[in-house]
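Trainee: Mind looking over this structure? Questions follow.
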Amino acid sequence: MSKRLLVVEDSKPIATVIKQIARSLKFEVVIATTLAEVEDILSADTDFFAATIDYALPDALDGEAISCVLSHGIPGIVMTGKMDDETRQKILSQPVIDYIPKENSQAFLYLKRVLHWQLTNDQNTILVVDDSSAARNHIVELLKRRNFTVVTANNGVQALEKLAQHKNIKMVITDLEMPEMDGIELTNEIRRIYTREQLAVIGISGATSGIHSARFIKNGADDFLRKPFCPEEFYCRITQNIESLNNIAKIQHAANTDYLTDLANRRAFVRAAELRIKEYIQKKVPYCLAMIDIDFFKKVNDSYGHDAGDQVLKVIALYMRKHFSAGLTARLGGEEFAVLLHGIDVDNLYNRLDDFRREISVSTIPVGDIPISITLSLGVIFDSQDEFAKQMNEADNALYLAKENGRNQVVISGAELED
């Protein structure tokens, strides 16, 4: 179900632009051009995710529509052509999401960003640390206005406990002066556990000395705010740091993921598999490493085209996720895949691999109107104590034997020595 946006705007061209922006973000749009229309709509229906509110309407020249919309619990973004300091203060004295001056086309680009943030900020959890309940509650209210998920702590010791409990926290906003563990000590502890790519830290303080900002930054904080801070600056710094983290995450995902199948790529698979195998060996957990290859894949590309070949690779990745959801899966390159699994015993692991192979062999992959049938060959090594590179090589040798012996089968590394 799409979210609904109330657009309060008497200018038809501007309302049209806002509507286009909203629809690009999958909003359903309702437009009101006067305060009377707003009141009429809200008297019967208040189910709106947010609203954009023109400051001056024909029957409400001084921002009356803002309080009308906010009184119904609908978060509002104010669009205004009037931008003197008195108007700004009047807008900011109300719990609006933001205000946007109608100065040029940048206003609408910024509006799109704000609406996007409102839709996605609930995925970003922020920990607020302050021993003052009033200061803490003020920051929480500002963050919830922007739809962030918020966790709170009274001091540094409690903050570290909350970080251990909530693994999805992306940012910590911490006061300097606190009992038990102050903000500088907390920042130091955080940086001992989390890198800047994993977690952002913003220090805050009401102290007038400029040395505190430098102390926070030198101890690992990403930013600093002096209390009392301007809500606009607060939001800008929060958003900037969250966006930086999200951009880093996107870069890391691109660097570690196969672009076509969205499975791990070779580099990411090797790095993660080495760590998991060490843990399996240490805890004596049965495991296997399997190399997987699509039989006669070149014929698929030659007969049906590379788009068909790409579709086959994507579908194989979907089957791998289905069968090996708890395992580590990867596309190593071309038509070659790999999976690292742990399980109850060798028989259990073998059966899971063979079930996957058999389901592929009896299925067809639709490419347009053409059903394509394929089979897989697998080479697998169980519970090896060898270095990972050697395990990869042994599993690859077993895969080669599967190809030599007729394809569409699972061959166990070393099995040929037992014959």
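Trainee: Mind giving me the nanometre distance, one decimal, between the label points for A107 and Q252, set 7 Å out from Cα along Cα→Cβ?
Mentor: So the label points at A107 and Q252 sit 3.9 nm apart.
Trainee: Run the dipole for region 170-237 about the Cα centre, Lys and Arg Cβ at +1, Asp and Glu Cβ at -1, nothing else charged, and hand back the magnitude in debye, nearest 20. Present the calculation step by step, with values, prior to reporting the outcome.
Mentor: Working: 9 positive and 11 negative charges, 43 e Å.
So the dipole magnitude of region 170-237 works out to roughly 200 debye.
Trainee: Which one of F48, A36, L61 is farthest out on the positive end of the charge dipole of region 20-67, using unit charges on Cβ (Lys, Arg +1; Asp, Glu -1) and the Cα centre as origin?
Mentor: F48
Trainee: Only helices at least 20 Å long along their own axis, judged from Cα atoms, and with Kyte-Doolittle mean hydropathy of -1.0 or greater: name those in the chain from DSSP H.
Mentor: 106-120, 231-256, 266-283, 306-323, 346-362, 388-404
Trainee: Here are several values of P(r) over Cα pairs in 10 Å bins from 0, in percent: (i) 4, 19, 26, 22, 14, 8, 5, 1, 0; (ii) 4, 17, 19, 17, 18, 15, 8, 2, 0, 0; (iii) 5, 22, 30, 24, 14, 5, 1, 0. Which one was derived from the coordinates shown?
Mentor: Read-out taken from this structure: (ii).
Trainee: A follow-up question, please. May I ask you to derive the relative contact order of the chain, considering only C-alpha pairs under 8 Å and at least 6 residues apart, and to give it as an integer percent?
Mentor: Working: 672 pairs, mean separation 34.1, N = 419.
Result for the chain is 8 percent.
Trainee: Something else: Can you figure out the FRET efficiency of R196 with K227, using R₀ = 25 Å and their beta-carbon distance, to the nearest 0.05?
Mentor: Details: r = 24 Å, r/R0 = 0.95.
The computed FRET efficiency comes out at 0.60.
Trainee: While we're looking at this one, here's another question. In Å and whole numbers, how far do the C-alpha atoms of region 227-303 stretch along each principal axis, longest first?
Mentor: 65, 46, 14
Trainee: Could you provide, to the nearest whole Å², the per residue accessible area of the chain with probe 1.4 Å? Please report the intermediate quantities before stating the final value.
Mentor: Working: 20490 Å² over 419 residues.
With all protein chains present, the chain gives 49 Å² per residue.
Trainee: Using a Förster distance of 45 angstrom, determine the FRET efficiency expected from the C-beta separation of K167 and M83, and round it to 0.05.
Mentor: Working: r = 43 Å, r/R0 = 0.95.
So the FRET efficiency works out to roughly 0.60.
Trainee: Now, a different point. Accessible surface of S244 in the full protein assembly, 1.4 angstrom probe, to the nearest 10 Å²?
Mentor: Rounded to the nearest 10, the figure is 60 Å².
Trainee: If you take the Cα atoms of region 356-419, find Rg, then find the Kirkwood Rh from the mean of 1/r over all pairs, what is Rg/Rh?
Mentor: On the way: Rg = 14.7 Å, Rh = 13.1 Å.
In region 356-419, Rg relative to Rh is 1.12.
Trainee: If you don't mind, there's one more thing I want to ask. Could you sort K390, K102 by their accessible area in this structure, using a 1.4 Å probe and putting the largest first? Let's see the in-between values first.
Mentor: Working: K390 105, K102 60 Å².
From most exposed to least exposed: K390, K102.
Trainee: Let me ask another. Compute log10 of I(q)/I(0) for region 87-224 with the Debye formula, placing one identical point scatterer on every Cα and leaving out solvent, at q = 0.10, 0.20 Å⁻¹, to two decimals.
Mentor: -0.38, -1.18
Trainee: With springs only between Cα atoms under 10 Å, which of V96, V346, V128 fluctuates most in a Gaussian network model of the chain?
Mentor: Residue with maximal mean-square fluctuation among V96, V346, V128: V346.
Trainee: Provide, in order from the shortest bin, the percent of all Cα-Cα pairs of region 286-340 in each 10 Å bin, continuing until the bin that contains the maximum pair distance.
Mentor: 23, 51, 22, 4, 0
Trainee: In whole percent, how big is the carbon plus sulfur part of the accessible area of the chain, probe 1.4 Å, protein atoms only? The partial results should precede the final answer.
Mentor: Details: 10270 of 20490 Å².
Reported share for carbon and sulfur atoms: 50 percent.
Trainee: Normalising by the residue count of region 275-366, find the relative contact order in percent from Cα pairs under 8 Å and 6+ residues apart.
Mentor: Details: 86 pairs, mean separation 33.1, N = 92.
The normalised contact order for region 275-366 reaches 36 percent.
Trainee: If I model region 168-237 as equal point scatterers sitting on the Cα atoms and use the Debye formula, what is log10 I(q)/I(0) at q = 0.21, 0.22 Å⁻¹?
Mentor: So the normalised log intensities work out to -0.86, -0.94.
Trainee: Only helical DSSP H runs with n ≥ 4 go in: add -39500 (n - 2.57) per run for the chain, normalise by residue count and round the 222 nm mean residue ellipticity to 500 deg cm²/dmol. Working shown, then result.
Mentor: Values: 16 runs with 203 residues, N = 419.
Result for the chain: -15500 deg cm²/dmol, rounded to the nearest 500.
Trainee: Cα-based Rg (one decimal) and Dmax (whole number) for region 154-311, in Å?
Mentor: When restricted to the Cα atoms of region 154-311, Rg and Dmax are 23.1, 74 Å.
Trainee: Further question on the same structure: P(r) for region 297-419, please, calculated from all Cα pair distances in 10 Å bins and given in %.
Mentor: Distribution as computed: 12, 43, 33, 10, 1 percent.
The values are calculated or read from the model by the stated rules, or taken from the named source; none is laboratory data. It should be emphasised that the depicted structure is a prediction, and the values quoted were computed from it without experimental measurement. Every residue, glycine as well, gets a Cβ built from its backbone with ideal geometry; the counts of neighbours run over all protein chains shown. Heavy atoms of the whole protein, side chains included, go into the accessibility calculation; ligands, DNA and RNA do not. Shrake-Rupley method; radii C 1.70, N 1.55, O 1.52, S 1.80 Å.
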